[in-house]
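Take a look at the structure set out below.
The values are calculated or read from the model by the stated rules, or taken from the named source; none is laboratory data. Since we're looking at a predicted model, the values are computed, not measured. Here the Cβ positions follow ideal geometry from the backbone for every residue, glycine too, while neighbour counts run over all protein chains shown.
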Amino acid sequence: MEQLNKMKLEKSIEILGYSVKQRPIYGLKLGEGNYKVLAWSQMHGNETTTTKACLDLVDYLQQTDQGRAMLKRLQLQLIFQLNPDGAVRYTRLNANKIDLNRDAVQETQPEMTTLKTVYSAFKPDLCLNLHGQRTIFSSGNSNKPATLSFLAPAANEAREVTPARLIAMQLIAKMVNEQAVSNQWGIGRYDDTFNLNCTGDFFTAQGTPTILFEAGHFPNDYKRLKTREFVFNALLSCLNSVSSNQYQHFTAEDYLAIPANDNHLRDIEIRNVTIVNKGKITISTIFVQFKEVLQQGDIHFIPEYAGNDPQLKGLKVIYALSKNQTKPIDVVESSTKIIKHLQSFIDF
Ligand SMILES: [Zn+2]
């Protein structure tokens, strides 16, 4: 985020509003074309990958010939870190402990007022609602993480394909078509249950095509450098499509063919562990999930016990060697005790 700090110092970005704790909400407007795109990141404070991808996008648009040509056809209003208080404390919620992505109708929070004020003044043709998702999400019922997930939010309870929603679906289908997914990673389609309080549903209901981006996990990439690249590529593909009008041949069916997001992945699967549950000893597969926390300015991944549900799948599989395990893991103990016990005979 050094780049963002540098831009703040150089005052090359403007202040669009202020958070609950009076922190500035920064924005940058680029381009002079007719087609207007509004994109905001980090309305959930701990979802930083898309902010970084937006900064990569700014570099590309300003520093390459192709980028500068796109800016002749587009106007792009970026909002970096809509939730700066959450970004500082590394929390999803804002300083009043409100999920900003459920505040679109009531608009109780200053951050939402800032977004809606910019929306009303700018009158975008397309909105990009940029988020990050945890490692638990898979592409369909596979063990491939959903490194990217997308949603064309519904505009009503019936989840009809309204004209605005169709454009979002077509653009998503185009972006997915241009990503070379592999057996290592995949793309998921987010659940489209209608909730007018969600920003994407709200703007789609106003008639503005809106796309939810979720930056997810790529194998062994906990810093999300690879994901950042994929998000950048997707953003670029999206802006290219709208600025050159090349997406209309995609259909709602193409969008619906994207595998749905599932949530059965866990960070580590440990097989062959001797466990005891209320006196009964068995050999079982158990799961560990990392919790991301900010400690002294650094992100740490704290392992937590995540149960032994056989429906789950691990992103990484480890075999416990019975000769190293001296006594069974008591799975009704606290997560801290279970993890400590596990780490006494397994490295993870
Ligand atoms: Zn989010």
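Annotations for the structure displayed:
- Among residues of the stretch 188-226 being among the charged types (D, E, K, R) and in a loop (DSSP other than H, G, I, E, B), the one that is nearest to residue 301 (Cα to Cα) is 223.
- Any hit, the stretch 46-66, residues being more than 15 Å from the ligand (Cβ to nearest atom) and of a type in the set (Val, Ile, Thr): yes
- Residue satisfying all of: in the stretch 138-194; modelled with pLDDT of 95 or more and among the hydroxyl-bearing types (Ser, Thr, Tyr); nearest to residue 247 (Cα to Cα) among these: 162
- Test for residue 227: is it among the polar types (S, T, N, Q) and buried (at least 22 other Cβ atoms within 10 Å of the Cβ): yes
Yes/no per residue for (1) in a helix (DSSP H, G or I); (2) of a type in the set (A, V, I, L, M); (3) assigned by TED's automatic domain parsing to the domain that holds residue 99; (4) crowded, with 23+ Cβ neighbours inside 10 Å:
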{"site": "143", "(1), (2), (3), (4)": "no, no, yes, no"}
{"site": "165", "(1), (2), (3), (4)": "yes, no, yes, yes"}
{"site": "171", "(1), (2), (3), (4)": "yes, yes, yes, yes"}
{"site": "184", "(1), (2), (3), (4)": "no, no, yes, no"}
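- Of all residues in the stretch 87-111, those satisfying the criterion of being without any contact (Cβ under 8 Å) to a residue 60 or more places away in the chain and of a type outside the set (Asp, Glu) are 87, 91, 92, 93, 97, 98, 108.
- Matching residues, the stretch 231-257, being surrounded by fewer than 22 Cβ atoms within 10 Å (Cβ to Cβ) and among the hydrophobic types (A, V, I, L, M, F, W, C): 232, 236, 250, 252, 256, 257
- Residue match in the stretch 48-66 (condition: in contact with a Lys or Arg (Cβ under 9 Å, 6 or more places away or on another chain) and more than 25 Å from residue 233 (Cβ to Cβ)): no
- Any hit, the stretch 324-345, residues being closer than 22 Å to residue 137 by Cα and either assigned to a loop (DSSP other than H, G, I, E, B) or in contact (Cβ under 8 Å) with a residue 40 or more places away in the chain (or both): no
- Residue match in the stretch 119-129 (condition: away from the ligand (no atom under 16 Å from the Cβ) and free of Cβ contacts under 8 Å to residues at least 12 places away in the same chain): yes
- Selection of first residues in the stretch 25-52 that are free of Cβ contacts under 8 Å to residues at least 60 places away in the same chain and of second residues that are within 11 Å of the ligand (Cβ to nearest atom) and of a type outside the set (Lys, Arg), restricted to Cβ pairs under 7 Å at least 6 apart or on distinct chains, gives the following pairs, ordered by first then second residue: 45/83; 45/86.
- Inspection of the stretch 43-58 finds no residue satisfying the criterion of being at positive phi, at pLDDT 95 or above and not hydroxyl-bearing (Ser, Thr, Tyr).
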